[in-house]
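Everything on this sheet refers to the single structure shown next.
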Amino acid sequence: MIVVTGATGNVGRELVRLLVAAGESVTAVSRQPGELPDGVRHVRADLAEPETLRTALDGADALFLLVAGEDPGAVLAHAAAGGVRRVVLLSSQGAGTRPDVYGHPVAFEEAVRASGLDWTVLRSGGLDSNAYAWAESVRAGGEAQAPFGDVGLPVVDPADVAAVAAAVLTGGGHTGRTYELTGPAPVTPREQAEAIGAAIGTPVRFTELTRAQARERMLRFMPEPVVEGTLGILGAPLPAERRVSPDVEYVLGRAPRTFAEWAAGAAVAFR
């Protein structure tokens, strides 16, 4: 049995679907239930309260773990006690490029590596699905707003992240590996808006925010150090953050999907 935390999120939902399609037994873990494939067991639990995971982990073989909560050691101890022998951690690219800012995923990576379990770390770049933040403004007024409109980053389709996770959870040869997951090419926020416009058949106007405006908005839902790190990546990315990684293609045997392909599949959210 494979336990998937964050099972109703953009990555977890697709991962559950892929694992079920592959014939795996899956337990979906989330704080709130969502739509799940038939036959999937759901356990309501919170990574911030590791003891709530015990029921989900009992009898499991593998765990897909998000960076959430403050005690990864306790989560991993419950996993080992329940029978888990393999853990796949969804971390952040920032754990490698800006560890002083992204201390939270760094702590999770260190705990996973020290757990005694077979482990694989997936360091995801920015997700295409972050563009859902524009859905309301696109529907209401055909507008997308973001800072650093002409700075490109190789954002990745969450479905590709899920596909890599599924391959690692069900296949061999990935133990002790850290994979960096990106899309196939850098794409700017302005280009993302254009791609969404093409997908919905209506042009989307792009308005560039100042750094200060973006910072004010982000502080509403992100801690200040993470806001500063994120703005650094978005506005002045390091060479490693601009780099297109070969790891998605290495694991899946195909190139990662483009942002335009993601937008075509997500178009209904912007209409």
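The values are calculated or read from the model by the stated rules, or taken from the named source; none is laboratory data. Note that this is a predicted model, so its numbers are computed, not measured. Ideal geometry is used to build each Cβ from the backbone, glycine not excepted, and the neighbour counts take in all protein chains shown. Ligands, DNA and RNA are excluded from the accessible area calculation, which covers all protein heavy atoms including side chains. Shrake-Rupley method; radii C 1.70, N 1.55, O 1.52, S 1.80 Å.
When region 237-264 is filtered for residues that are of a type outside the set (Lys, Arg), more than 30 Å from residue 172 (Cβ to Cβ) and in contact (Cβ under 8 Å) with a residue 12 or more places away in the chain, the ones remaining, listed by number, are 237, 238, 241, 259, 260, 263, 264.
Can you pull out every residue in region 250-266 that is closer than 11 Å to residue 163 by Cα and not in a loop (DSSP other than H, G, I, E, B)? Once the filter is applied, which keeps residues that are closer than 11 Å to residue 163 by Cα and not in a loop (DSSP other than H, G, I, E, B), region 250-266 yields 251, 252. Of the helices (runs of 4 or more DSSP H) contained entirely in region 97-209, those carrying at least 2 residues that are modelled with pLDDT of 95 or more and either among the hydroxyl-bearing types (Ser, Thr, Tyr) or in contact with a Pro (Cβ under 6 Å, 6 or more places away or on another chain) (or both) fall at 103-113, 158-170. Report yes if residue 84 is surrounded by 14 or more Cβ atoms within 10 Å (Cβ to Cβ), within 21 Å of the chain's Cα centre (by Cα) and β-branched (Val, Ile, Thr), otherwise no. No; evaluated as a whole, the condition is false for this residue. Taking region 230-245 as the search range and keeping residues that are part of a helix (DSSP H, G or I) and over 20 Å from the mean Cα position of the chain (by Cα), which one is farthest from residue 132 (Cα to Cα)? Applying the filter and picking the extreme gives 239.
Evaluating residue 164 against the criteria (1) under 15 Å from residue 90 (Cα atoms); (2) open to solvent by 10 Å² or more (accessible area, probe 1.4 Å) leaves one unmet condition, (2).
Residue count for region 185-205 under the criterion of being within 28 Å of residue 245 (Cα to Cα) and in contact with a helix residue (DSSP H, G or I) (Cβ under 8 Å, 6 or more places away or on another chain): the result is 9.
Quickly run through region 210-229 and pick out the residues that are part of a helix (DSSP H, G or I), touching a residue at least 60 places away in the same chain (Cβ under 8 Å) and either among the basic types (Lys, Arg) or open to solvent by 30 Å² or more (accessible area, probe 1.4 Å) (or both). Before you say what the answer is, go through the steps one by one.
The initial filter retains those residues of region 210-229 that are part of a helix (DSSP H, G or I), namely 211-218, 224-229.
Keeping just the survivors that are touching a residue at least 60 places away in the same chain (Cβ under 8 Å) gives 211, 213-214, 225-226, 228-229.
If the condition is that a residue be part of a helix (DSSP H, G or I), touching a residue at least 60 places away in the same chain (Cβ under 8 Å) and either among the basic types (Lys, Arg) or open to solvent by 30 Å² or more (accessible area, probe 1.4 Å) (or both), then 211, 213, 225, 226, 228 are the ones that fit.
The set of residues in region 6-42 being over 23 Å from residue 266 (Cβ atoms) and either crowded, with 22+ Cβ neighbours inside 10 Å or free of Cβ contacts under 8 Å to residues at least 24 places away in the same chain (or both) consists of 23, 26, 27, 29, 31, 38, 39, 41. Set side by side, the residues 17, 13 differ, and just one is of a type in the set (Lys, Arg), under 18 Å from the mean Cα position of the chain (by Cα) and either under 14 Å from residue 65 (Cα atoms) or assigned to a strand (DSSP E or B) (or both), which is 13.
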